[in-house]
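Enquirer: I have a structure here, written as structure tokens, and I will follow up with some questions on it.
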Amino acid sequence: MRSLVIALCLGVLPLIAAAQLVSNPNPPVAAALAVGGAYTAVATGADALYCNPSGLGYSKGSGGRLAYHQPWSLGFLSHMSATGYSALPRNLGAAAIGVQTLSTREGGHTMAAETEVALSHGFLLQEDIHSSLAFGYTLKLIGYDLGESVANENGVSQNLGSAMTFGLDVGATAQLWDRFRLGGTLKNVNHPQFGSNMKRDLPRILSGGVSYTPYYGVRTSFDVERILTGETQFKGGVSAMVVRPFDLRFGIVTNPNSFTTGFGLRWREMVIDYGFVYHPVLNPSHLIGIGFDMDRSLAQIWQAQ
């Protein structure tokens with residue numbers, strides 16, 4: 001029981017992405033961003049919490065990520081995240097916990113802040129020599145704070161209000177042989193809303209993807225993503241290992257049309273990922289993530305001590 005509690009309490013790990021903030025920014029996952037966001041059938045470990053929770057069913061050991069992102073190089077925006085994961089004992093899959101924030105600051109004052117705390121669990125439903133099927137879910141607590149108004153002539157400012165809601169994401173991944181993976185997610189299944197009189201819906205997003213590994217070190221992926229009340233995006237990307245610790249990544253996205261690139265570097269347990277997004281109108285975006293992956297779960301580390 002003690003091992004299970006430790007495995008679930010991942011917040012003590014050094015802690016990176018598509019989790020759902022109010023403004024729906026790019027997920028804080030540099031590896032996903034570098035391949036155009038086509039990661040629904042690829043994500044495992046810490047990245048699975050934001051892209052597809054069922055990927056935790058294929059995750060071994062433990063690890064964590066820290067990520068920093070300044071959307072479109074806008075100095076007043078700051079997007080940060082911290083995530084940790086660990087495999088659970090007794091074939092219970094793996095769990096992950098993450099926090100991400102998106103803040104709008106100007107002149108030293110926070111004008112708006114969005115915060116999400118998420119807990120995810122993924123596990124295998126079926127596995128045989130040629131195929132497997134995993135399912136996962138993510139529970140999210142999402143907060144939105146509008147800060148205070150500009151002070152009036154008397155130096156008094158007004159609290160513009162805050163709100164909080166719960167969200168639920170679900171996902172599934174199927175692996176066929178060693179080369180094909182199919183994945184799908186539905187975010188905000190429970191249709192969460194903010195406000196009382198004038199309600200604001202958080203977007204429900206349906207994603208489906210496929211990844212194919214033609215040979216060792218090269219992976220292609222393709223996603224279709226649709227906001228149920230809005231637009232559809234097509235995403236595609238390639239990740240290729242140049243030398244054993246170094247991966248190059250490229251991707252494209254539609255609506256708006258843009259391209260992405262980046263790299264991944266692994267040295268022992270340490271992982272460094274970088275993602276770059278070109279936008280036809282706005283400035284480029286840069287996202288960097290740093291973290292670690294270990295072969296042993298937190299429960300195994302605890303038992304070894």
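Enquirer: Before we move on, is ASP247 part of a strand (DSSP E or B), acidic (Asp, Glu) and within 19 Å of the chain's Cα centre (by Cα)?
Expert: no
Enquirer: Looking only at region 137-189, which residues are of a type in the set (D, E, K, R), modelled with pLDDT of 90 or more and farther than 18 Å from ASP223 by Cβ?
Expert: Answer for region 137-189, where residues must be of a type in the set (D, E, K, R), modelled with pLDDT of 90 or more and farther than 18 Å from ASP223 by Cβ: just LYS140.
Enquirer: Could you pull out every one of the strands (runs of 3 or more DSSP E) wholly within region 143-229 that has 3 or more residues that are polar (S, T, N, Q)?
Expert: Correct list: 162-176, 205-215.
Enquirer: Oh, and also: Could you tell me which of the residues LEU66, LEU119, LEU56 is modelled with pLDDT of 95 or more, more than 23 Å from ASN255 (Cα to Cα) and surrounded by 24 or more Cβ atoms within 10 Å (Cβ to Cβ)?
Expert: Testing whether each residue is modelled with pLDDT of 95 or more, more than 23 Å from ASN255 (Cα to Cα) and surrounded by 24 or more Cβ atoms within 10 Å (Cβ to Cβ) leaves just LEU56.
Per-residue answers, yes or no, for (1) assigned to a strand (DSSP E or B); (2) under 26 Å from GLU231 (Cα atoms); (3) of a type in the set (Gly, Ala, Ser):
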| position | (1), (2), (3) |
| --- | --- |
| THR260 | yes, yes, no |
| ARG266 | yes, no, no |
| ASP273 | yes, no, no |
| PRO280 | no, yes, no |
| ASN283 | no, yes, no |
| PHE292 | yes, no, no |
| ALA299 | no, no, yes |
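Enquirer: Against the conditions (1) surrounded by fewer than 18 Cβ atoms within 10 Å (Cβ to Cβ); (2) within 21 Å of ALA46 (Cβ to Cβ), where does LYS140 fall short? Just the number, please.
Expert: (1)
Enquirer: When the residues of region 234-284 are narrowed to those that are surrounded by fewer than 17 Cβ atoms within 10 Å (Cβ to Cβ) and basic (Lys, Arg), which ends up farthest from ARG219 (Cα to Cα)?
Expert: Taking the candidates together, the pick is ARG268.
Enquirer: Identify all residues within region 230-242 that are farther than 13 Å from GLY209 by Cβ and assigned to a strand (DSSP E or B); write none if there are none.
Expert: Selection gives THR232, VAL238, SER239, ALA240, MET241, VAL242.
The values are calculated or read from the model by the stated rules, or taken from the named source; none is laboratory data. Being a predicted model, the structure only gives us computed values, none of them experimental. Because the Cβ atoms are built from the backbone with ideal geometry, glycine has one as well, and the counts that use them run over all protein chains shown.
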